[in-house]
Amino acid sequence: MNGRKNFLAELRQKNKLLFSAIIIYLSINFATSIWGWQTTPFYIWAMYSIPLRPQQQYELAEVYCDGQLHTDPHTYNDYKRMMADYSLRHYLVLADSSHHIQDYHSFKKLFALAGGDFNRLIYRINPTPAAINRYPAWLKSYLSQQTGKQIGSLQIYKVTLQYGSDGRPFLADKKLLAAE
Amino acid sequence: MSTENDFSASRLIITRTVVLSSLLFLLWRLFSGILPHQLAAPAIYKLDYDFSLWTLKLAGIPDLITGNITAGIIFSVSLFLCGGLSFLFPRRRLWTLSYAILYLLYAITFNIYICHGTSYQAGFAVILFAFAAGTDEDFSLWWRTMRYYACFIYGTCFLWKIIHGAIWDWDHGLDCMKLNLAEYLFHYPHTTMSNIYVWLIRHPVLVNIGDKLVFLAEGAFLLGFFTKKLDWLLIVCAVFIFLSVYLFADVFFLELLVIIFPLLSKRNWQRVQRQA
């Protein structure tokens, strides 16, 4: 404790700007993380910090480029996989007909207090339906560029898996979401 | 300032080591096709509640550097150029500060379009700012601050798991593993690793104990706020966390191991400097 106290006191004395920045960052970060919001960049403080509900089924996306499954088993190839993988997960959510744009309930109140029109802002902080529809075309173009091979056709499937008693997942459902 | 806290004499070697590491990761990202000019104007994005993501997106910068190929190439070239100049001239604030700002812009832009608040760049995006310190004495302060930042990253991860309840969820490890490895097990059911994973899923006690060990490794970083004597243990914990998520959660957080650098002592850096 002594070391930290000395450090913060020294920092306050020698670099007030850095000291203030740290205090402000920590205050915002702690206050909002208690609610489970991520308001500062780089760490999802809520990620894996809440209990996980045991799932019966697991949903994922499969992409076929010219009839071939686009996949890579190697974790060390994460950089090559991540842009498509992570955005596909969000696309699954956005493409779900029951999905509604994120409800920034508390921010709406803040905007109303400040006299701002939140409804005008909402599609500047969420993809529009047209942008969501454009996603398969973007993915085809991105993967063509990344792999260096022109992709003629691309299909996105929503796949539902279920774990069997042998500990292995099996296919429970497969549905075509989009084709380009 | 006590002598063990005075890193001013090691400023050049520290700056060059960290900047060179960040440049190597940027090169890896370039060859993997995930620099701004390679993102081909992404159609969708995700901002959640993050103020930094909102501010940057509303300012139009991410759209410009990912949507306009010329602007994107200028950005990526500037990123490498400033990084290279920071390596060559570690005391020139113009280059070190420019590099830190450009790297931060890239990291935030990347998180916007990947549609996920990833933590891969959480280390470099903050630690690079230490090299923009004006004087060597200021640099020492900044560098020591980064040591606390390293402790803060994993220390708070542990605290949130207590506050939000994951640590009390016995099957957290099993559920986490099944969630992250479902795709791999489905597509590659007969590899050696698949057989190991399936065996572990059928013996969840080991997975759940391993999960709690990772939590404890995160919690060990809280010790870093009280003493520097256990920094070697924190380095071991950082590597252990990386290997655990690499092997059992299919995530490659190698970039985040940059937090090891601020945990190295002045003596460690002097040794590196002598050998360089």
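General remarks:
- For chain A, built as a Gaussian network whose Cα springs stay under 10 Å, the top-fluctuating residue of A:12, A:81, A:168: A:12
- Spatially close lysines, pair count over region B:156-276: Cα under 25 Å, gap of eight or more or interchain: 8
- Mean-position separation - Cα centroids, region B:1-29 and region B:87-146, in angstrom: 11
- In the protein assembly as shown, taking the dipole from charged Cβ atoms about the Cα centre, the farthest positive-side position among B:245, B:199, A:88 is held by B:245.
- Pairwise alpha-carbon distances in region B:7-104 exceed 20 Å for 45% of all pairs.
- Only Cα pairs under 8 Å and 6+ residues apart enter the sum, and on that basis the relative contact order of chain B stands at 22 percent.
- Computed from phi, the 3J(HN,Hα) profile of region A:20-33 under the Karplus parametrisation 6.51, -1.76, 1.60 (θ = phi - 60°) reads 5, 4, 5, 5, 5, 4, 5, 4, 5, 4, 5, 4, 7, 5 Hz, with x in place of Gly and Pro.
- Mean shadow area of the protein assembly as shown over all directions, Cα convex hull, nm²: 23.0
- For residue A:175, the lysines whose Cα comes closer than 20 Å to its Cα, not counting residues fewer than 8 places off in the same chain, are A:140, A:158.
- GNM result for chain A, Cα springs below 10 Å: residue of A:122, A:156, A:23 fluctuating most strongly: A:23
- Shielding of peptide A:149-162 by partners, expressed as the average count of other chain Cβ atoms within 10 Å per residue Cβ, is 1.
- Surrounding net charge for residue B:85, when Lys and Arg each add one and Asp and Glu each subtract one, Cβ distance under 15 Å: +4
- Residues of type lysines that residue B:57 reaches as a straight line, Cα spacing below 21 Å, ignoring anything fewer than 8 places off in the same chain: A:108, B:46
- The per residue volume of the convex hull around the alpha-carbon atoms of chain A is 230 Å³.
- Top of B:235, B:69, B:14 by mean-square fluctuation, Gaussian network on chain B, Cα under 10 Å: B:69
- Size of charge dipole - the protein assembly as shown - debye, nearest 20, with Cβ of Lys, Arg +1 and Asp, Glu -1, no other charges: 1220
- Of the chymotrypsin sites (Phe, Trp or Tyr not before Pro) found in region B:186-249, those in coil by DSSP whose Cβ has at most 13 other Cβ atoms within 10 Å are B:226.
Every number here is computed from the coordinates shown, using simple stated rules; none is lab data. From a predicted model like this one, the values you see are computed outputs, not experimental measurements. FYI the Cβ positions are ideal-geometry reconstructions off the backbone, even for glycines, and counts take in every protein chain you see.
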